[in-house]
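For reference, the structure is listed below as structure tokens.
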Amino acid sequence: MIKKTKKIAIFLAARSGSKRLSNKHFLKINSKLKVIDLCILRLKKAKLVNKIFLCTTKRIEDDKFKNVSRKHKIKLFRGNNKNVAKRIIDCAKENSIETIVRITADCPLIDTNLIDSCIKLHLKKKVDYTSNVLELSFPDGLDVEVFKLNSLIKSQNLCKTNSNKEHVTNFIRKSKKFKKYSFKNLKDYSNRRWTLDNINDFFYIKKVVNFFSPNLYFSWKDLIKAEKNNKSLISIKER
């Protein structure tokens, strides 16, 4: 049985500078719940991780994440404004984290069952990188990446492009220099859109939360099942 370890942690990436939907993480789902609250509360249900770092920039507009970290009693890390990879590396080094579980706050419907499964597979397969985005089969918005700190450092040394600094795992996913494992679902649901990028995404997430209320911890499979009886819960990506 795999137990929680201090060497594995969730790194939740969030910032305020979205061009399409400004301050999207602070949009109110209801009177008590903002998008960022929903994401963190759901992340706390992970069974194999006991540390969550809220990783953001040093920009003034991201000062508001201080209150978020205090409210949820998780650690806040503020790093390089432009180099996301460096931000993650610095946070991991400072806190002695060897294995990083990377989640973005654009995924408030993230399911910790998937996170725990990814961690188990990552440790079992003894690879550098494990994810459910190598071969798409889950709804967009359930993205999980698990990777070794040393692998991230190696990838950044090998590929110093701005794209790799911003998108963090670009080179790892494409390069043959790393051992990878793809976590796939038996049935392909990759046409579903459960992420937060625009105002319509927000309205969809709000609808889903209200549907399951007061239960905030519904699984992704619960939502798939609910779609069968409530067609308005089906959100299909534009092709």
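The values are calculated or read from the model by the stated rules, or taken from the named source; none is laboratory data. Because the structure is predicted, anything quoted here is derived from the model rather than measured. Cβ atoms come from the backbone with ideal geometry, glycine included; neighbour counts cover every protein chain shown. Protein only, heavy atoms only, side chains kept; ligands, DNA and RNA dropped before computing areas. Shrake-Rupley method; radii C 1.70, N 1.55, O 1.52, S 1.80 Å.
The table for this structure:
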quantity: Evaluation of F65 against (1) in contact with a strand residue (DSSP E or B) (Cβ under 6 Å, 6 or more places away or on another chain); (2) under 26 Å from S155 (Cβ atoms) (one fails), failing number; calculated: (2)
quantity: Pairs where the first residue, in the stretch 179-204, is more than 26 Å from H122 (Cα to Cα) and at pLDDT 95 or above and the second is open to solvent by 30 Å² or more (accessible area, probe 1.4 Å) and of a type in the set (A, V, I, L, M), C-beta under 7 Å, 6+ apart; calculated: F202/L27
quantity: Selected residue (criterion: farthest from A46 (Cα to Cα)) from residues of the stretch 107-162 that are among the small types (G, A, S) and not in a helix (DSSP H, G or I); calculated: S137
quantity: Test: residue in the stretch 29-38 that is within 18 Å of L196 (Cα to Cα), surrounded by 13 or more Cβ atoms within 10 Å (Cβ to Cβ) and touching a strand residue (DSSP E or B) at 6+ places or on another chain (Cβ under 7 Å); calculated: yes
quantity: Looking only at the stretch 143-172, and only at residues there that are buried (at least 18 other Cβ atoms within 10 Å of the Cβ) and among the hydrophobic types (A, V, I, L, M, F, W, C), the one that is nearest to I110 (Cα to Cα); calculated: V144
quantity: Hits in the stretch 173-209 - residues which are open to solvent by 100 Å² or more (accessible area, probe 1.4 Å) and more than 18 Å from the chain's Cα centre (by Cα); calculated: K174, K176, K177, K179, L186, K187, N200, F203
quantity: Criterion: open to solvent by 20 Å² or more (accessible area, probe 1.4 Å), at pLDDT below 95 and over 20 Å from R173 (Cα atoms) - qualifying residue of K64, K73, K82, K93; calculated: K82
quantity: Number of the exception - H25 against (1) surrounded by 22 or more Cβ atoms within 10 Å (Cβ to Cβ); (2) of a type outside the set (D, E, K, R); (3) within 21 Å of N113 (Cβ to Cβ); calculated: (3)
quantity: Condition check for R15: in a loop (DSSP other than H, G, I, E, B) and in contact with a strand residue (DSSP E or B) (Cβ under 9 Å, 6 or more places away or on another chain); calculated: yes
quantity: Yes/no for K207 being more than 21 Å from I103 (Cα to Cα), among the basic types (K, R) and touching a residue at least 12 places away in the same chain (Cβ under 8 Å); calculated: yes
quantity: Inter-residue pairs, beta-carbon under 9 Å, first open to solvent by 10 Å² or more (accessible area, probe 1.4 Å) and in the stretch 118-142, second at pLDDT below 95 and not β-branched (V, I, T), 6+ apart; calculated: D140/K237
quantity: Filtered residue count, the stretch 217-236, keeping only those that are in a loop (DSSP other than H, G, I, E, B), more than 19 Å from the chain's Cα centre (by Cα) and under 22 Å from V35 (Cα atoms); calculated: 2
